[in-house]
Amino acid sequence: MDTKPEHFADGLHFPECPRWHDGALWVSDMWAHTVLRFEPDGSRHAVHTFGADEEPGGLGWLPDGRLVVVGMEGRRLYRLDAGTATVYADLSGLAPWSLNDMVVTGDGNAYVSQIGFDIHGGSTPLAATALLRVTPGGERLVAAEEMVVPNGIALSGDGGTMVVAETFAARLSRFRVEADGSLTERQVFAEIAPVAGRRRAGPDGICLDEAGGAWVAEWIGRRVLRVEAGGAVTDEISFDVHPLAVALGGPDRRQLFICLCAQIGKRDRKPEPLGAIAVLPVDIPGAGEP
């Protein structure tokens, strides 16, 4: 791809989980504890700021239009009503460590990823963990087991396919979404090879396009990839900082928004905002969620 990403926004601490919704870009600035809405011209509005003990992650909208936010540290989902956050679902019984991303289907099923180990304490994952689901009726379920640090989640335009980035397995896994919300027919969508000099790759946030390709923020290799089913890489964009997540938006969903940050480690992070959002025009429009 010859086109270079352009600046869209800066002054962010750790921008993640971008979503194009209702004509605007929504982003969780995790380390600032704030959910932001960006207008197409880059102007921003703080939708909600959580307390210092909570960090917003994945974002999704219920069928009635209300926003649901992943509370990573509290291991809860919050529903925002007129600027007030109320607990929508407590997942602490199924998630021993921090929650992460989320996608909400058209019928109101919320699929939530979790880190699965004490990432802030410096430990390494000892075992696989589970992808979780909250049904429209509030039931809390395990949607898929044996996931290796499930992270970004994307849903196809017809709602029938879900792709999940397994960061520490360096792969994208694909599921069929059944009418009852269960996930079946698990397959490897793509293995992500590392860049030269790295032992592994780290797929983070993802999104899908109308041709069935997946855009992947690969934070370890400091690049964004478009991969097809089977693993063929059609586009690769390199960065000097870490890409964290991507979303296709804009009026025709042909703008790729890329969340970036110069630092990753939470324990040693600098207080100044070192995060930004870039934007890149693409040929194939986005599909589904995010």
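The values are calculated or read from the model by the stated rules, or taken from the named source; none is laboratory data. All figures in this text were calculated on a predicted structure; none of them were measured in a lab. Reconstructed Cβ throughout: ideal geometry from the backbone, glycine too, with neighbour counts over all protein chains shown.
Overview of results
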read-out	value
Search result, residues across region 257-289 that are closer than 23 Å to residue 4 by Cβ, surrounded by 22 or more Cβ atoms within 10 Å (Cβ to Cβ) and either modelled with pLDDT under 95 or not aliphatic (A, V, I, L, M) (or both)	257, 259, 261, 275, 286
Contacts under 8 angstrom Cβ, first residue in region 87-114 being without any contact (Cβ under 8 Å) to a residue 12 or more places away in the chain and on the phi > 0 side of the Ramachandran plot, partner buried (at least 24 other Cβ atoms within 10 Å of the Cβ) and assigned to a loop (DSSP other than H, G, I, E, B), 6 or more apart	none
Qualifying positions in region 238-256 - surrounded by fewer than 19 Cβ atoms within 10 Å (Cβ to Cβ) and assigned to a strand (DSSP E or B)	238
Residue in region 142-150 that is charged (D, E, K, R), part of a strand (DSSP E or B), farther than 24 Å from residue 59 by Cβ and free of Cβ contacts under 8 Å to residues at least 24 places away in the same chain present	yes
Residue match in region 173-196 (condition: touching a residue at least 12 places away in the same chain (Cβ under 8 Å), closer than 22 Å to residue 278 by Cβ and under 20 Å from the mean Cα position of the chain (by Cα))	yes
Of all residues in region 21-48 being surrounded by 19 or more Cβ atoms within 10 Å (Cβ to Cβ) and of a type in the set (Ser, Thr, Tyr), the one that is nearest to residue 271 (Cα to Cα)	34
Conditions (1) surrounded by 22 or more Cβ atoms within 10 Å (Cβ to Cβ); (2) over 22 Å from residue 32 (Cβ atoms): number failed by residue 92	(1)
Residues within region 1-20 that are touching a Gly at 6+ places or on another chain (Cβ under 9 Å) and either buried (at least 18 other Cβ atoms within 10 Å of the Cβ) or under 11 Å from residue 36 (Cβ atoms) (or both), tallied	12
Test result for residue 63, within 26 Å of residue 173 (Cβ to Cβ), over 19 Å from the mean Cα position of the chain (by Cα) and touching a residue at least 24 places away in the same chain (Cβ under 8 Å)	no
Test: residue in region 69-79 that is acidic (Asp, Glu), closer than 29 Å to residue 258 by Cβ, at pLDDT below 95 and part of a loop (DSSP other than H, G, I, E, B)	no
So residue 193, is it closer than 20 Å to residue 19 by Cα and surrounded by fewer than 18 Cβ atoms within 10 Å (Cβ to Cβ)	no
